[in-house]
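The values are calculated or read from the model by the stated rules, or taken from the named source; none is laboratory data. Note that this is a predicted model, so its numbers are computed, not measured. Methodologically, a virtual Cβ is constructed for each residue, glycine included, from the backbone with ideal geometry; neighbour enumeration extends over all protein chains shown. Just so you know, the surface numbers come from the protein's heavy atoms only, side chains and all, with ligands and any DNA or RNA stripped out. Shrake-Rupley method; radii C 1.70, N 1.55, O 1.52, S 1.80 Å.
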Amino acid sequence: MTQKILRTGAAYIRVSTDKQEELSPAAQQRLILDYAKKNNITISSSDIYIESGISGRTAAKRPAFQTMIGRAKSKEHPFDVILVWKYSRFARNQEESIVYKSMLKKDNVDVVSISEPMIDGPFGSLIERIIEWMDEYYSIRLSGEVMRGMTEKAMRGGYQSIAPFGYITVGNGNPPQLHPEQSKIVRRIYTDYQSGKTCNSIARYLNELGAHTNSGNPFEARTVKYILENPFYCGKIRWNYTKRGRELKTADEWIIVSGRHTPIIQESEWNAVQDKIAAANLPFKRRDVSACKHWLSGILKCSSCGASLGFNKNSRSPFFQCWKYSKGVCQKSHAIIARKIEAYTIEGLKSALLSGNLKFKIVPKTVNDDLGEIELLKEQLNRISMKEIRIRDAYENGIDTLEEYKMNKLRIQEEKSSLKKRISALTSSGSKITNPRQPFIQNMESAVKTLSNPDIGYEEKGTAIRSVVDKIVYDKKTEHLDFFFYLTNT
């Protein structure tokens, strides 16, 4: 009687994302272990690889599969065979299936389907390829059917994804409902952007308020831009917008239909914002500090033609030059070394403060802007009051210690104090400035202090100078700077 050779094995178990008739992970594992026992194959618990809810179309997106392949090809050679319930569990892409099986074959590792036994020889290999081709065909066909069904639903104005920030998903095909707090933040984002604020400054402001995205993360410029570009907020549903990896599809592939949800903003307002975004995306229109090469970018102007002085940081000594002169349009060069104009600017601001001969214009803030900001701050204050109740309950119920309760209470009191001060400042700012010179001088002093500090980054310096300076006109012939100041009524 011939004794069977004992082999070591691994079990790969996968359940797909699509709705199909297939065995559960537990059932697949049980059948694989039974097969291994009957065929003299030992499988340790560390060599059972399970993936649930993951498609088999792409092996790169299956972490357990990649771990198993890495182990199989290691010098230790931990197992001789990989057992699967069906070949479709191993891969649904025939090309990948062949590649990985060939790789494993070089390291003397076989892949065996326990429910699709193969005969030896060329005919067995042919049948295996046919099974793999059928699995791939089924996957492609299923994907197409799902896509067609979702597209038809979108065309009918159906909802088939999680509602964006500002809305609450209610499910069962019902339209999303407005989120009481988030919807106000969305309105604020559109208002601020139309008033001239950048995506970066809006994101910073929301983070100062303590607002978070639906995933609990801080706001970023790209998050704000996505909200501004999403037609969902004006009552539309957009489908088939991106490919995998968030790459945009061509506009003619998009499906945009009217939805049944309550819009947060008017369609005319959304269209106006899109026009502004399109204009801002042009290189010469960008004035966001974070997108500038230098903190003086966009502020320095040529005295001959009025164009901006562009910053060139690639030379040995970074310098500014009139961009129209560089293009041959302006007739006079206004080149100046960056560190030199930086020093001129700081000294010019200091001299203006000392002389007291300051002329500026007041740029008022609209009442609606202040009211919206106060409303948001008051909502933050109400949420903090709820936190106070929760931490007190946690202490009284023995969840937190007395020390933890004291620390939490102190932190909340500091937050409340900060919010109350901001509300008070905004409330009082609604009245006309009776003595605008004093706040202007304070802003100037703060800006000079920031610009003079070598440890402060260019973005913070750019924000500081833009808080008081509209533009600086540089005359190269006389080495003279003309400062144009303004004061925002806040």
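Points worth noting:
- Residue satisfying all of: in the stretch 185-220; of a type in the set (D, E, K, R) and farther than 18 Å from Tyr233 by Cα; modelled with the highest pLDDT among these: Glu220
- Test result for Gly216, more than 26 Å from Ile423 (Cβ to Cβ) and open to solvent by less than 70 Å² (accessible area, probe 1.4 Å): no
- When residues of the stretch 431-456 are limited to those that are in contact with a helix residue (DSSP H, G or I) (Cβ under 8 Å, 6 or more places away or on another chain) and open to solvent by 60 Å² or more (accessible area, probe 1.4 Å), the one modelled with the highest pLDDT: Glu445
- Residue within the stretch 181-199 that is crowded, with 19+ Cβ neighbours inside 10 Å, touching a residue at least 60 places away in the same chain (Cβ under 8 Å) and part of a loop (DSSP other than H, G, I, E, B) present: yes
- The residue list Lys378, Lys327, Lys365 contains one member that is of a type in the set (Lys, Arg) and at pLDDT 85 or above, which is Lys327.
- Only a single item in (1) in contact (Cβ under 8 Å) with a residue 60 or more places away in the chain; (2) surrounded by 19 or more Cβ atoms within 10 Å (Cβ to Cβ) is not met by Ala221, and it is number (2).
- Total residues in the stretch 65-81 satisfying the condition of being exposed (fewer than 13 other Cβ atoms within 10 Å of the Cβ) and touching a Leu at 6+ places or on another chain (Cβ under 8 Å): the figure is 0.
- Cβ separations smaller than 6 Å between residues 6+ apart or across chains give the following pairs from the stretch 338-357 residues that are more than 29 Å from Ser315 (Cβ to Cβ) to residues that are open to solvent by less than 50 Å² (accessible area, probe 1.4 Å) and assigned to a helix (DSSP H, G or I): Leu353/Met444.
- Taken residue by residue, the stretch 205-213 has at least one member that is assigned to a loop (DSSP other than H, G, I, E, B) and more than 22 Å from Pro263 (Cβ to Cβ).
- Selection count, the stretch 254-283, where residues are out of contact with any strand residue (DSSP E or B) (no Cβ under 8 Å at 6 or more places or on another chain), modelled with pLDDT under 60 and open to solvent by 50 Å² or more (accessible area, probe 1.4 Å): 3
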